[in-house]
Amino acid sequence: MKGDMYLAWSSDSEILNRSENGGIVTSLLKFVLDTKRVDAVLAVKARGDDRYDGGPVLITDPSELIETAGSLHCSSPNIARFLKEYLGGAFDMKLAVVGKPCDIRGTIELVKREQVNLDNLFLIGLNCSGTLSPVVAKRTIIEEFGVDPLNIIHEDIEDGNLIIMLKDGTEKTKDLKALEEKGYGRRENCRRCEIKIPTMADIACGKWGTSNKKATFVEICSDKGAELFEEAIKAGYIAVEHADDKAIKERKEKEQEAIESALKWEKTDFAPLKNMAIEEKFDYWWGQFSQCIKCYGCRDACPICYCKDCILEADRGVVMPGEVPPNAMFPMIRIAHVMDSCLNCGQCQDACPAGIPLTRLIFMLNKELYGIFKYQPGVDVASRPPLRSITDEELTIPGVELVF
Amino acid sequence: MNENKFEPKIVGFCCNWCSYAGADLAGVGRLQYPPDIRVVRVMCSGRVSDLLILNAFAIGADGILVAGCHPGDCHYLKGNLAARRRVMGLKPFLEAIGIRPERLRLEWIAASEGPKFAETVMSFTQTIKELGPSPFNRRRNGH
């Protein structure tokens, strides 16, 4: 039933061995593929043996699923955009999609924009305490841990620590906050992300609440998820026990702790931008935007940008062809079009070759718009993006500003 | 340009059905208001997209007035409501990138409200004169 919480583990010993925790995600994927509930599975896999190069893969053969078991913390593939761009938004195939909270939320935002068909999707969400960009991860491991990055077989973020495990089985731990203050550690957007448990998916899976047992903590978040999970238990793919109050409490506490740290980072990141005088803000941002080389990377990476015929293209008469840096319209239109639904996924900032802190600006604006419209992007399929929708009730509100 | 003699460029997007008629009424009634406003007639305030507002700023507007019908009076039923949300959303954006949100104003002006049009233009021009040239213009003029 929706809202149920379980401790669960895979009945398949190979999956259990290879997986991060209880192997539930891989087992569920195997179950839906074996029983032909879906045509394919969209998951993430390391290319070759490189832990720092994880990319989205479409799997139709259940025997290949084992390669996707285990978590990769040092890559942040763009699942929502991939789903829309290369898989036709799941309009003509049934898919099970695995993703971090930002991937799932991106998918839901695209559903609202009619770019993805939710009816054809099983969304399996993973708890996420942040990802590292591959380059920074390698630098962190070399410069702070003094280890060869190729020697790492596993990394994890737990209780505010970054933990790495070497091939010979030794574990090394460092305080994440101290690392991040020195410029190492997680991606900037991840450290201020407050959505750690993807309850907007059909099933949310994670480690918190398992007390380091070899099990996955599962929260059933929709009726579709409940049905799938019960069928998988019946078919013998997974074994479960109900999560007791202690486990639920432990999970809640860990989530709370992570959220508090996120809010602190948010303050640290936004304070300099907010405290500038207005003239300084203009000089700062236009100084940043003047470094733009108009690669369109931010637009192409953004899970929310979906126009087939983008107004920023050279033939639309707004941004002149061959002009670098582009005129003021380029950054302004880009930001104005996505700011009400920014997910803080960090893809635009990752993509930017000029290092413009785009996510920082857009997510800061999103937070301010949240204050006005109370709209949290990607959480509820039924709520509409506030700058692109109106309600009948507003007809009777006379002023030039609305209060929500 | 001497700061005292600053004559702002103000763009007024007026909807065809209410605000443009209101402006017309102000003219017919020979009401005095500053000549700094350049009125652009649009069919509906809902037509005034992010693109129009931001482009006007980028090419040198010191202030932008969006004027539409009162809620419930829109010829197209809900166009003005879209304009309201849009302007509410753009203000924090403008502020974040260094443009004072006061430079963008939304007003409801009905066809019968000639005096309100004149007053709005007067007070808005005053506001913009106090704020000075827009940062885009300041940068263009090498300040």
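The values are calculated or read from the model by the stated rules, or taken from the named source; none is laboratory data. These numbers were taken from a predicted model, which means no experiment stands behind them. Reconstructed Cβ throughout: ideal geometry from the backbone, glycine too, with neighbour counts over all protein chains shown. What goes into the accessible areas is simple: the full protein's heavy atoms, side chains included, and nothing from ligands, DNA or RNA. Shrake-Rupley method; radii C 1.70, N 1.55, O 1.52, S 1.80 Å.
Using the 2.2 N^0.38 Å rule of thumb for compact globular proteins, work out how segment A:276-395 stacks up: its C-alpha Rg over that value, please. Please report the intermediate quantities before stating the final value.
Working: Rg = 15.3 Å, N = 120, 2.2 N^0.38 = 13.6 Å.
Ratio of Rg to 2.2 N^0.38 Å for segment A:276-395: 1.13.
Please compute the alpha carbon radius of gyration of segment B:12-63, then divide it by the globular-protein estimate 2.2 N^0.38 Å. Two decimals is fine. Mind showing how you got there, number by number?
On the way: Rg = 12.1 Å, N = 52, 2.2 N^0.38 = 9.9 Å.
It is 1.23.
Using the basic label-point model (7 angstrom from Cα toward the beta carbon), what is the A:Asp245 to B:Leu52 distance in nanometres?
6.1
Mean-square fluctuation check for chain B, GNM, Cα pairs under 10 Å: which of B:Pro115, B:Pro34, B:Pro133 is largest?
B:Pro34
Report P(r) for segment A:134-185: all Cα-Cα distances, bin width 10 Å, range 0 to the bin holding the largest distance, values in whole percent.
For segment A:134-185, the pair-distance distribution reads 27, 62, 11.
So, with +1 on the Cβ of K and R and -1 on the Cβ of D and E, and no other charges, what is the size of the charge dipole of the protein assembly as shown about its Cα centre, to the nearest 20 debye?
With only Lys, Arg, Asp and Glu charged at Cβ, the dipole is about 1460 debye.
Rank A:Ser133, A:Ser13 by accessible area, highest first, at a 1.4 Å probe radius?
Numbers: A:Ser133 30, A:Ser13 80 Å².
These residues rank, largest area first, as A:Ser13, A:Ser133.
Could you state the orientation-averaged shadow area of the convex hull built on the Cα atoms of chain B, in nm² to one decimal?
Across all orientations, chain B yields a mean hull projection of 8.0 nm².
Carbon and sulfur together cover what percent of the accessible area of the protein assembly as shown at a 1.4 Å probe radius? Walk me through the intermediate numbers first.
Numbers: 12270 of 23740 Å².
The nonpolar share, carbon plus sulfur, comes to 52 percent.
Separation of segment A:222-265 and segment B:13-40 by C-alpha centroid, Å?
Measuring centre to centre over Cα atoms gives 61 Å.
Could you grab the Rg to Rh ratio for segment A:85-161? Cα atoms only, Kirkwood for Rh. Spell out each step's value before the answer.
Working: Rg = 17.3 Å, Rh = 15.1 Å.
Taking Rg over the Kirkwood Rh, I get 1.15.
A:Lys367 accessible area, nearest 10 Å², 1.4 Å probe?
A:Lys367 has an accessible surface of roughly 60 Å² with all protein chains in place.
For chain A, what is the calculated [θ] at 222 nm in deg cm²/dmol (nearest 500), taking -39500 (n - 2.57) for each run of four or more DSSP H residues and dividing by its residue count? Kindly include the intermediate steps, with their values, before the conclusion.
Details: 14 runs with 144 residues, N = 404.
It lands at -10500 deg cm²/dmol.
Under the √(5λ) rule applied to the eigenvalues of the Cα gyration tensor, what semi-axes describe the equivalent ellipsoid of segment A:151-270? Give them in Å, descending. Could you put the intermediate results ahead of the total?
On the way: eigenvalues 176, 78, 32 Å².
In descending order, the three semi-axes are 30, 20, 13 Å.
To the nearest 10 square angstrom, what accessible area does A:Asp269 show with a 1.4 Å probe?
Approximately 10 Å² of A:Asp269 is accessible to the 1.4 Å probe.
To the nearest Å, what is the center-to-center distance of segment A:292-331 and segment A:46-62, using C-alpha atoms only?
31
Heavy atoms only, probe 1.4 angstrom, no DNA, RNA or ligands counted: give me A:Tyr237, A:Tyr306 ranked by accessible area, highest first. Walk me through the numbers on the way to the answer.
Details: A:Tyr237 55, A:Tyr306 85 Å².
The ranking, largest first, comes out as A:Tyr306, A:Tyr237.
For chain A, build the convex hull from the C-alpha positions and give me its volume per residue in Å³. Before the final figure, lay out the partial values.
Details: hull volume 66.5 nm³, N = 404.
In chain A, the Cα convex hull volume per residue is 165 Å³.
Taking N as the number of residues in segment A:206-339, what is its Cα Rg relative to 2.2 N^0.38 Å?
Values: Rg = 23.9 Å, N = 134, 2.2 N^0.38 = 14.1 Å.
Relative to the rule-of-thumb radius for its length, segment A:206-339 sits at 1.69.
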